[in-house]
Amino acid sequence: MELSGTITHSARIESLAGSKIANCYQCGKCTAGCPVASHMDLVPNQLIRLLQLGRDDLALTSPSIWACVSCLTCSARCPKQVDCAAVLDALREFSLREGKASPEAQIVVAFQQAFLDNIKRNGRLNELELIARFKLAVLSHTRQLAFLFKDAGLAPQLMSRKKLHLTSERAHDCEVVGRIYARCAPSQPVLAAPVEAVAK
């Protein structure tokens, strides 16, 4: 692997993740326990190693950081208390800030943004509103009508199993949720313009 032209964000990633990347000694327990490692181009311990080598540029553009499902298995298994899941979360944040997320990753971000906005507005999940806002956000940038109806066939099955509700009540005290969001809000919005890169 070529190691020239390094771009180092490691100190900022460590600060954001609250974890010391240098503590990792590449035992591989994080990767061995990862349920999506087989779908990654770079597995968790390889991503950590790239950061140790100062190759943050490769880690920030890897699709693997978007494959992570944040199950925290890697963090729980680490014998050196490296919070691998938090490191991958920090990588996603920097990837978005610097415009290095792929169009496919931007669709993931569009869903996350729609989900967070939905909870903030209602205090709990309104499923139909979530689906509508996500689909319309992606459609407005991709102009692919097929995406709008891609999962429509699943609706009857979900409704028959009581997994999809046509109506949803707002939480009694949405202000509590609003205060939680206010305390967690970053100084600069990271998820603004969620699917901008998809249209490119």
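Scanning the stretch 129-175 for residues that are of a type in the set (Val, Ile, Thr) and under 22 Å from the mean Cα position of the chain (by Cα) yields 131, 138, 142.
Inspect the stretch 36-45 for any residue being without any contact (Cβ under 8 Å) to a residue 12 or more places away in the chain, more than 23 Å from residue 184 (Cα to Cα) and either more than 14 Å from the chain's Cα centre (by Cα) or crowded, with 18+ Cβ neighbours inside 10 Å (or both) and give the result as yes or no. Yes: one or more hits.
Matching residues to (1) surrounded by 14 or more Cβ atoms within 10 Å (Cβ to Cβ); (2) among the acidic types (Asp, Glu); (3) outside any helix (DSSP H, G or I); (4) within 12 Å of the chain's Cα centre (by Cα):
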{"residue": "82", "(1), (2), (3), (4)": "yes, no, yes, no"}
{"residue": "92", "(1), (2), (3), (4)": "yes, no, no, yes"}
{"residue": "108", "(1), (2), (3), (4)": "yes, no, no, yes"}
{"residue": "111", "(1), (2), (3), (4)": "yes, no, no, yes"}
{"residue": "119", "(1), (2), (3), (4)": "yes, no, no, no"}
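Just a yes or no: is a residue in the stretch 48-55 on the phi < 0 side of the Ramachandran plot, in a loop (DSSP other than H, G, I, E, B) and surrounded by fewer than 20 Cβ atoms within 10 Å (Cβ to Cβ)? So far as the stretch 48-55 goes, yes, one or more of its residues are on the phi < 0 side of the Ramachandran plot, in a loop (DSSP other than H, G, I, E, B) and surrounded by fewer than 20 Cβ atoms within 10 Å (Cβ to Cβ). Checked against the criterion of being in a helix (DSSP H, G or I), touching a residue at least 12 places away in the same chain (Cβ under 8 Å) and within 25 Å of residue 30 (Cα to Cα), the candidates 59, 101 yield just one match: 59. Could you count how many residues in the stretch 140-192 are in a loop (DSSP other than H, G, I, E, B), modelled with pLDDT of 80 or more and surrounded by 10 or more Cβ atoms within 10 Å (Cβ to Cβ)? Selection size over the stretch 140-192: 3.
The values are calculated or read from the model by the stated rules, or taken from the named source; none is laboratory data. Please read these numbers as outputs of a predicted model, since none were measured by experiment. Glycine gets a Cβ as well: all are built from the backbone with ideal geometry, and neighbour counts include every protein chain shown.
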